[in-house]
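Enquirer: To start, I am sharing the structure in question, which I have written as structure tokens.
The values are calculated or read from the model by the stated rules, or taken from the named source; none is laboratory data. From a predicted model like this one, the values you see are computed outputs, not experimental measurements. Here the Cβ positions follow ideal geometry from the backbone for every residue, glycine too, while neighbour counts run over all protein chains shown. What goes into the accessible areas is simple: the full protein's heavy atoms, side chains included, and nothing from ligands, DNA or RNA. Shrake-Rupley method; radii C 1.70, N 1.55, O 1.52, S 1.80 Å.
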Amino acid sequence: MKEQLSELKQRALAAVASASDIKALEDVKVAFLGKKGELTVVLKQMGTLSAEERPVMGAFANEVRGEFEAAFSQKLTALKADEITSRLETEKVDITLPGERQKLGSRHPLNIVLEEVKEIFTAMGYTVAYGPEVEETKYVFDMLNTFEGHPARDEQDTFYIDDSTVLRTQTSSVQIRTMLEHKPPIAIISPGRVYRCDEVDATHSPIFHQCEGLVVDKGITFGDLKGTLETFFKRLYGDEIRLRFRPHHFPYTEPSAEVDLSCFKCGGKGCSFCKGEGWIEMLGCGMVHPQVLINCGIDPDEYTGFAFGMGIERITMMRYEIDDMRLLYENDMRFLKQF
Ligand code: DAH
């Protein structure tokens, strides 16, 4: 039995030495020490030995097992170290490679300008009101004194959902909604998207943005309107800007006016930017028509008001000297990155 154990030991140690990975090493252990392992089988034969031989053989068998286990754990440590080394090698990260830059977005120029418009008016005590883009014709037209037959209602100009529903052509509908819901004093601005049947070109788009303003209270005059718009544009564009009020017609205001601003580029002398005019048309405004107040249940003998409406695109284009409106919608990163 002694020879058998010695031979077994040699083979087991050789197998441990030649195991090339942890799995192979574990297999050697099972083959040698497992339930049906070779050493186990030999140890089971101990019972057949004489009483004198048994302790001697037992001690030898323990020595063999001890040697095997020492060799096993030594090899295991070595294999684990190898594994770490090779993982370090294959999973190596080159920290000298340049990183991938995260692209940070920026606000769209229309939003930047709209934010400023809102700030200026809320600082003057206005609140911001919103209304639906799919709107009833009575709010977009009828109650604003714009009855059947007015060119603004023409199918060529307006997107109809059905006879009494349109994509709003102006944010003026929010004036009506506000006056129906609130008693004066009223001071609101209402920004939002509007829709018209226009071909896309450098100054037109079927979708654009407006910001409407409305003030109704006792004793409101055209002077208040002029002062408000002058304060607004000076805050937005600087103190040098001058305003010019030209008589105009809107069905919902009386009197009505269009407002021009002195040209940013030439200050009013005339240049290519203002097409030699020295002035740039900016917005429509006027004193709220008494009939519009009556339509909303407000007594025009007690209250007066002013209203105005401007295009956010136009204000933005003036602000940044953008000469083509399409740039605002095309999402070209080279353009947007500049803001
Ligand atoms: N709604 C007009 C437009 O779309 C602008 C406008 C003019 C609004 C006069 C008003 C106003 O509130 O009083 O061109």
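Enquirer: Which of the trypsin sites (Lys or Arg not before Pro) found in the stretch 67-154 are loop residues per DSSP with 13 or fewer other Cβ atoms within 10 Å of their Cβ? Each step should come with its number before you reach the end.
Expert: Numbers: sites: Lys75, Lys80, Arg87, Lys92, Arg101, Lys103, Arg107, Lys118, Lys138, Arg153; in loops: Lys92, Arg101, Lys103, Arg107.
Passing sites in the stretch 67-154 are Lys92, Arg101, Lys103, Arg107.
Enquirer: How large, in percent, is the carbon and sulfur part of the accessible surface of the stretch 273-329 at a probe radius of 1.4 Å? Numbers along the way, then the final one.
Expert: On the way: 1040 of 2320 Å².
Carbon plus sulfur share of accessible area: 45 percent.
Enquirer: Next question, about the same structure. Report ³J(HN,Hα) in whole Hz for each residue of the stretch 156-167, in order, from the Karplus equation J = 6.51 cos²θ - 1.76 cosθ + 1.60 where θ = phi - 60°; Gly and Pro get x.
Expert: Here the 3J(HN,Hα) series is 5, 9, 10, 8, 9, 8, 8, 4, 10, 9, 9, 6 Hz.
Enquirer: Another one. Quick check: pseudo-label points 7 Å beyond the Cα along Cα→Cβ at Asp27 and Cys197, how many nm apart are they?
Expert: Going from the Asp27 label point to the Cys197 one covers 8.2 nm.
Enquirer: Moving on. Could you tell me the relative contact order of the chain? Use alpha-carbon pairs under 8 Å, at least six residues apart, and round to a whole percent.
Expert: On the way: 481 pairs, mean separation 49.2, N = 339.
So the answer I get is 15 percent.
Enquirer: Hey, what's the chain come to in accessible area per residue, 1.4 Å probe, Å²? Write down the numbers at each step before the final one.
Expert: Working: 19350 Å² over 339 residues.
Roughly 57 Å² per residue, with all protein chains present.
Enquirer: Could you tell me the center-to-center distance, by alpha carbons, between the stretch 116-170 and the stretch 254-274 in angstrom?
Expert: So the separation of the two Cα centres works out to 26 Å.
Enquirer: Where the only charges are on Cβ atoms (+1 Lys, Arg; -1 Asp, Glu), what is the dipole of the chain about its Cα centre, to the nearest 20 debye?
Expert: Details: 40 positive and 54 negative charges, 324 e Å.
About 1560 debye.
Enquirer: Further question on the same structure: About the Cα centre, and with charges only on the beta carbon of Lys, Arg (+1) and Asp, Glu (-1), how big is the dipole of the stretch 1-79? Nearest 20 debye, please.
Expert: Details: 11 positive and 11 negative charges, 43 e Å.
Rounded to the nearest 20 debye, it is 200 debye.
Enquirer: Lys/Arg Cβ at +1, Asp/Glu Cβ at -1, dipole of the stretch 1-135 taken about the Cα centre: which of Thr127, Ile84, Val16 is farthest positive-ward?
Expert: Val16
Enquirer: Which lysines does Lys138 reach when only Cα atoms under 24 Å apart count, and residues fewer than 8 places away in its own chain are ignored?
Expert: Lys138 reaches Lys183.
Enquirer: Starting from the stretch 129-206, pick out the GluC sites (Glu not before Pro) whose DSSP state is loop and whose Cβ has at most 10 other Cβ atoms within 10 Å.
Expert: Numbers: sites: Glu133, Glu135, Glu136, Glu148, Glu155, Glu181, Glu199; in loops: Glu133, Glu148, Glu155, Glu199.
Those satisfying the criteria are Glu148, Glu155, Glu199.
Enquirer: In the stretch 4-40, which trypsin sites (Lys or Arg not before Pro) are in a loop and have at most 11 other Cβ atoms within 10 Å, using DSSP for the loop call? Please list the in-between numbers first.
Expert: Details: sites: Lys9, Arg11, Lys23, Lys29, Lys35, Lys36; in loops: Lys35, Lys36.
Passing both the DSSP loop test and the Cβ count: Lys35, Lys36.
Enquirer: Quick one: 3J(HN,Hα) in Hz for the stretch 313-323, Karplus 6.51/-1.76/1.60 with θ = phi - 60°, rounded, Gly and Pro as x.
Expert: Once θ is set to phi - 60°, the couplings for the stretch 313-323 become 4, 4, 4, 5, 5, 5, 4, 10, 6, 8, 9 Hz.
Enquirer: Something else about it: Roughly to the nearest percent, how much of the accessible area of the stretch 64-160 is carbon and sulfur, given a 1.4 Å probe? Numbers along the way, then the final one.
Expert: Details: 3620 of 6830 Å².
Accessible surface attributable to carbon and sulfur in the stretch 64-160 totals 53 percent.
Enquirer: Then there's this: Nearest 20 debye, what's the magnitude of the dipole of the stretch 199-249 about its Cα centre given +1 on Lys and Arg Cβ and -1 on Asp and Glu Cβ? Could you put the intermediate results ahead of the total?
Expert: Numbers: 7 positive and 8 negative charges, 56 e Å.
Dipole magnitude for the stretch 199-249 comes out near 260 debye.
Enquirer: Further question: Computed FRET efficiency, Cβ-Cβ of Tyr130 and Leu88, R0 51 Å: what is it to the nearest 0.05?
Expert: Working: r = 60 Å, r/R0 = 1.17.
Efficiency computed from Cβ-Cβ geometry: 0.30.
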